[in-house]
Structure formats: structure tokens, C-alpha cells
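Step one of this worksheet: look at the structure below.
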Amino acid sequence: MSTNDADNERMQLRWPIDDVVAFAKRHAITHGLLCLDPNNLDLATIVPFSLFPSPYSYSHLKFIWSIQTAYNRLYNRISLDDETLEKALKPVIPIDDFIERLWKIHRTSTRRQPIQLDIYRNDYMLDTKINTMRQVEFNTISSAFAGLTAIVADLHKAILRYAIDNCYVRELTMDNQQEKSSSIDLILPNDALKKSAEAMIKAFELYNNVNAAILFIIVPNERNICDQNALIDAVQKLKSTIRIHLKTFEQLTDELLLDEKNFNIYLKSSHDEIAIVYYRAGYIPEHYINEKCWYVREQIEQSRAIKCPTVRSQLAGCKIVQEYLTHENIIEKYINDENLSKNIRSTFARMFTFDDLEARQKNINLLRENPHDFVLKPNREGGGNNKYDDEILNLIEKQENHLNYYIAMEKILPPKCTTCLIKPNGKHLLHVECINEIGIYGTMVTNVDTNEEYINEVAGYLVRTKTTDTNEGGVATGYSVLDCLDVS
Ligand code: ADP
Ligand code: MG
Ligand code: MG
């Protein structure tokens, strides 16, 4: 047994895990690491989390942190470039009803609001094949968990402190533990919530009507309420007079009023003019349960309200746009700094589509021969949509023409770590092999007519951890848990 193994064994013996788990759950409940119970929406349940922070390399984090503002600018500019958007989306517009619908709204809307507000989350995993951070996807709509991610960091600190106070971990003195905790804060401040709120306030001020309100569009029976309410609280902490309304698309079919003279939108019940529409719904077809819901989206897009995101910005987040950006000399059009574009390019995994007839058969053969090396991804959000391994082979054999809905992406192979997960039903999985996905939040407030950037910031980070036997991601979908990093 190596010294390390012996140390590990001693450590494990000293952690009476049930006691630590019970402490962690109490702490999670006290500090609002909660969502609604799927079986009873009158009750809350703990959002799944890991008991300990995952070890991570500082240099890799620093790297993705350092390129985020350039990434923000890149996606902002892509969203404004109709020619590039159309070229990128061209293969899917005729075959994907959802994308086609969004594209039509974009093409038939007149831009009446120069201020654009975006809250992005750029997701990565470390690829052990080349020891490089690689982008999983770039989210431009409903970037969730900014309201909960910092709670997990505090939870991990509290767990370590509890273990120290109870002499479960004798090796760590409080002094070096404090050093360790504060070094986490110093290296990677997690202001995702505050900075999202600040961006919203800045956009609100630029809308220039102190009496206007903010509208959050949510899904019916939303479960992730602590995350959303944390954002509401953070906004109202900065400006206590702002009114924030939460409505579903269906409620808005009766509630929303577009004044066709000045293109302001109002809520009928409160008579409030809406300055900002913030979407926590609208990223999958199922959110538009009828034509009237689509009409609501169209009216908002036509209006003077600031949208987070605009339809064009939502479209820029499509996986096929991510694939298009890997083509030669595309990102260089938007990023002048050679070093930055090289660094951004280094995060791209290999991707390809199936619309190019010349390359199609070669690409299909490549997938058929190496199904385990790729992921097939449709232009959808929210987790649970991708195809892996035998599913890829099945699709090729049985529904080859469906391949056009997907982009193929090289599989990223992240390093494995061992941790303890507190799962949705409160059960814990002890010493499970896991992998981490790191999201970097980016906030932007721009005037798209003048190119002025009022805010372009790296806002914070999200860590999601899942067992190695799970292909998919997503906390809401039950695949992943929230986590934090130990970069010491
Ligand atoms: P969504 O918008 O639905 O979240 P993602 O691109 O994030 O779509 O895919 C969902 C999950 O699938 C990710 O969280 C990740 O766990 C896994 N995944 C996606 N792309 C890759 C990849 N190239 N290699 C390995 N896993 C991937
Ligand atoms: Mg996504
Ligand atoms: Mg994702």
C-alpha cells in the first residue's frame, strides 16, 4: 500500500459518513439549495450535490476564464450577423420545425431595441486525450443555476469545517483550511448571481423608464424556483423598486398587450410596461403548447422590450452554429486578436454535419466504425437529447435520413474523480467514479447599433458532476449534481 493509499484509508475511516451527510443536508435546506418535489409541488426537496469539492487544475480554469469575454463578444457578433447565421443554420431550417419557426420570427421582426442583454453559460470538459479544455456547448438561453452555484461552495466549506470541528479530519488545521477556502475564492470568484443581476439592472437603466417592470417567462410547474428566486432577490437588492412578474407563455396569451403605435409591451393585469423579458422557457418546442404561445414570442420580438435573449441570440446558441464556427476563417472574422482566436479555437472539439453530400458517406462510415468516439447532438436544449454508442449505430441503420437533424461531435474524455453524491431522493452514493463539467457564465449588455459594450464580463462558474456510467448531463434532468472545485 502506498503512503497515499494509507492516508486515504485513514481519512475515510475518520469520516462517519452518515453524520456528515446529515449535516450537509441540513445545511443545504437551511441555505436554500432546494427545488420543488416532482411528486408534490407544495413540497421542496434538496437539489442533488456532491459532498466534497472536486479537485481541478488551476491552469485549465484560468485558461477558460481568460477567454470568456472574447467568447461573449464572438457570440454577440454572430447573433447580429444574419449572413453567418443563415449560412450556419441553412442545413436545419428546412427540416427542423422548431428552428424554422424561430428563424421565421427573426426574419419577420424589425429591431426596435438597440440594447441587447445576454446571460451566457459556456460549458466545458477537460479532454484527457490532449489535456485541453474543450467546449461542450455555448448556452445563450435560460443559463440556469447562477442562483445556486455559490451556495454549493459555501456548503463545501461548511462540511470541511464541520469535519474539522468534530475531529473527523485531524490533518487539516483550521489555519490551512481557511487558506485553502480563501484561495478558492481568490482564484475563481463566483459572482454569477450578482453579475447576472447587475447586467439586468444595467439593461433596465438603459431602457430608461423607471416605472417599467421585468418579466420572467417560466415553464408551468417550474421546479427550479430557488435558483430563479435568487436572481429576483439579487435584482431587487440592487434596485428595490423594480417589479418582477413571473408568467408562463400560456398566461401571457391573455395578459400581454403590444401597443402597435410605440411597440411597448404591457401586462394587462398590472398595467406595467415591460422593460426586459427574461426567458427561462422557450428553448424547446414543448414550451409552446399552442399557436397563441408562438404569437406571444412573435409579439415580444417585435416589441421595444429588451429580450434576454433575442431570437437571433437564441439561434446563435444552436449546436449547428457551434459546428459552423469550427470551419476555417470564421471566428477570425469576429476576433481580431490572433492569440485569442487561436485560444478559442483550441477549445473546439471536432464536429461535422451530414448535409454535405460529398462528405456524407465518409462521415457515416467514420461514425459506423467508431460509434464510441462520437456524440450525436440535435439542435435542442435541456439535456437528454443526444445519441451515444449503439443509439448512433441504430440511427444509421434504421433512420439514416434523420442524421441531418444532428451534428456529430467528437467525444470528450474527461478525467475521473471519486466522490460522494447526494442524489435527488436524498440517497447518497459513496465513493463513486465521476466526471466534471465546468460552465463559465458570461454577461453582456451592448448597444448593437453603436457596438458599445456597457458590460462584457466573466461572471462566475458552475460545476456539474455525474457518474462515469451516465452519458447525458443536466441537474434538472437528474443526471448530474451540483459541485464546486478544489484548485489547491
Ligand atoms: P444540452 O443543451 O441539452 O445541455 P449538451 O451539449 O450540453 O446539450 O449535451 C448534454 C450532455 O451530454 C452534456 O452535459 C455532456 O455531459 C454530454 N456531452 C455533450 N457533448 C459531449 C461530448 N462532445 N463529449 C462527451 N460528452 C458530451
Ligand atoms: Mg444547452
Ligand atoms: Mg448542456
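The values are calculated or read from the model by the stated rules, or taken from the named source; none is laboratory data. All values derive from a computational prediction rather than experimental measurement. No Cβ is skipped: glycine too gets one built from the backbone with ideal geometry, and neighbour counts run over all protein chains shown.
Points worth noting:
- Of all the residues in the stretch 406-416, those that are within 16 Å of ligand 2 (Cβ to nearest atom) and touching a helix residue (DSSP H, G or I) at 6+ places or on another chain (Cβ under 9 Å) number 3.
- Looking across the stretch 446-468, the residues that are in a loop (DSSP other than H, G, I, E, B) and either within 11 Å of ligand 1 (Cβ to nearest atom) or touching a residue at least 12 places away in the same chain (Cβ under 8 Å) (or both) come down to VAL448, ASP449, THR450, THR468.
- Residue in the stretch 384-401 that is touching a Phe, Trp or Tyr at 6+ places or on another chain (Cβ under 7 Å) and more than 16 Å from ligand 3 (Cβ to nearest atom) present: yes
- Which listed residue, of GLY478, GLY473, is away from ligand 1 (no atom under 12 Å from the Cβ) and under 19 Å from ASN386 (Cα atoms): GLY478
- Breaking point among (1) surrounded by fewer than 16 Cβ atoms within 10 Å (Cβ to Cβ); (2) over 22 Å from the mean Cα position of the chain (by Cα); (3) within 22 Å of ARG134 (Cβ to Cβ), for LEU393: (3)
- Within the stretch 126-164, the only residue that satisfies the criterion of being away from ligand 1 (no atom under 16 Å from the Cβ), among the small types (Gly, Ala, Ser) and in a loop (DSSP other than H, G, I, E, B) is GLY147.
- Any hit, the stretch 419-430, residues being at pLDDT 90 or above, more than 19 Å from TYR56 (Cα to Cα) and crowded, with 19+ Cβ neighbours inside 10 Å: yes
- Subset tally (residues that are touching a helix residue (DSSP H, G or I) at 6+ places or on another chain (Cβ under 6 Å), away from ligand 1 (no atom under 16 Å from the Cβ) and farther than 22 Å from LEU206 by Cβ) for the stretch 270-288: 1
- Top-ranked residue of the stretch 439-472 - restricted to ones that are closer than 20 Å to ALA153 by Cα and touching a Lys or Arg at 6+ places or on another chain (Cβ under 8 Å), ranked as surrounded by the most Cβ atoms within 10 Å (Cβ to Cβ): GLY442
- Look at the stretch 216-238: where a residue is under 13 Å from ARG280 (Cβ atoms) and a partner is hydrophobic (A, V, I, L, M, F, W, C) and in a helix (DSSP H, G or I), sitting 6+ places away or on another chain with Cβ atoms under 6 Å, you get ALA230/LEU193.
- Residue count for the stretch 468-488, restricted to those that are under 20 Å from VAL375 (Cα atoms) and not hydroxyl-bearing (Ser, Thr, Tyr): 7
- Selection from the stretch 278-304 of residues that are among the hydrophobic types (A, V, I, L, M, F, W, C) and under 24 Å from GLY383 (Cβ atoms): ALA281, ILE284, ILE289, CYS293, TRP294
- Test: residue in the stretch 397-405 that is surrounded by fewer than 21 Cβ atoms within 10 Å (Cβ to Cβ) and under 18 Å from the mean Cα position of the chain (by Cα): no
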